[in-house]
1. Does Ile46 meet the test of being open to solvent by less than 30 Å² (accessible area, probe 1.4 Å) and aliphatic (A, V, I, L, M)?
2. Quick one: in the range 110-138, which of the residues that are open to solvent by 10 Å² or more (accessible area, probe 1.4 Å) and part of a loop (DSSP other than H, G, I, E, B) is farthest from Ala179 (Cα to Cα)?
3. Which members of the range 92-142 meet the condition of being touching a strand residue (DSSP E or B) at 6+ places or on another chain (Cβ under 7 Å), within 11 Å of the ligand (Cβ to nearest atom) and within 25 Å of Tyr184 (Cβ to Cβ)?
4. For the range 228-257, name all the residues that are among the polar types (S, T, N, Q), part of a helix (DSSP H, G or I) and under 18 Å from the mean Cα position of the chain (by Cα).
5. Test of understanding: among Val32, Val56, Val21, which residue is away from the ligand (no atom under 15 Å from the Cβ), touching a Leu at 6+ places or on another chain (Cβ under 9 Å) and open to solvent by less than 80 Å² (accessible area, probe 1.4 Å)?
6. Before we move on, is Val225 within 12 Å of the ligand (Cβ to nearest atom) and in contact with a helix residue (DSSP H, G or I) (Cβ under 7 Å, 6 or more places away or on another chain)?
7. Anything in the range 170-201 that is of a type in the set (Ser, Thr, Tyr), within 16 Å of the ligand (Cβ to nearest atom) and not in a helix (DSSP H, G or I)? List them, or say none.
Amino acid sequence: MSVSGKTAVVTGSNSGIGLGVARELAKAGANVVLNSFTDRDEDHAIAAEIAKEFGVEARYIKADMSKGDECRALIEQAGTCDILVNNAGIQFVSPIDEFPQDKWDAIIAINMNSAYHTTAAALPKMRAAGWGRVINIASAHGLTASPYKSAYVAAKHGVVGMTKVVALETAEEPITANAICPGYVLTPLVEAQIPDTMKEYNMSRDEVIKNVMLARQPSKEFATVEQLGGTVAFLASDAAAQITGTTISVDGGWTAL
Ligand code: NAD
């Protein structure tokens, strides 16, 4: 695995998919920088556990991905950034004519603009190192749409578009840029959507999971954070050196429908 000894920065990685990605990259031998906007003992403890479990260097750096300066400061503080995984994300569900402006702005800032800032800061480091991987965690909602998720769908389509541009701008260099498009993965972000969706559709929790969430996921199974981490590790490997500017769906067949 070519990731051994490389340094990976994973935004939004104190829970969910980001944590799963950091763990799989550490398992493959990468040093990892974890991140979120909090600075709690438990955040640093997650990094310490990863370091101990996989025998790699692991650090936690606080930076708020809704703020451009802090996105750039994260990459500077990381020092090295061979693998950049833009994963931080939030969700809010509302009809567009009632969509609160502050929620719209936060989703666009965290889910899309942060990837611009971190990529801009990381590319010079990748060029200096002569190797790099930009891996954006987009979504099936980067390729398709659902009602009530206007800001999220706009941000994720934006990330997919930005990924293609970064791939073209680095095409002749040993750097790749790709987006992963997960379907539903049972993480705190998805858990948080269940109560609102239950109200919206007047359904029980089980009905929401089966009939709303997994209705569009033909496998009828959630994807796992380990599967997402494994896909990131693959995109970071030598086998994926000619894969650039594309999306990989990990969605149980959602986008085949
Ligand atoms: P999650 O809520 O478990 O994790 C989100 C992470 O982002 C957390 O670590 C959180 O602390 C961090 N974060 C939130 N706001 C931040 C900020 N301002 N600055 C820094 N970090 C911040 O959710 P998740 O499901 O693991 O989502 C991770 C990514 O995967 C998101 O981009 C999400 O859109 C995407 N995704 C998730 C699913 C799914 O079904 N769970 C599907 C498709 C795409």
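The values are calculated or read from the model by the stated rules, or taken from the named source; none is laboratory data. Bear in mind that the values here come from a model prediction, so they are computed numbers and not experimental data. FYI the Cβ positions are ideal-geometry reconstructions off the backbone, even for glycines, and counts take in every protein chain you see. When the accessible area is computed, the model is the full protein with side chains, heavy atoms only, and any ligands, DNA or RNA have been set aside. Shrake-Rupley method; radii C 1.70, N 1.55, O 1.52, S 1.80 Å.
1. So Ile46 fails the test.
2. Gly130
3. Within the range 92-142, Ser114, Ala115, Asn136, Ile137, Ala138, Ser139, Ala140, Gly142 qualify.
4. Thr231
5. Val56
6. Working: within 12 Å of the ligand (Cβ to nearest atom): yes; in contact with a helix residue (DSSP H, G or I) (Cβ under 7 Å, 6 or more places away or on another chain): yes.
In short, yes.
7. The answer is Tyr184, Thr187.
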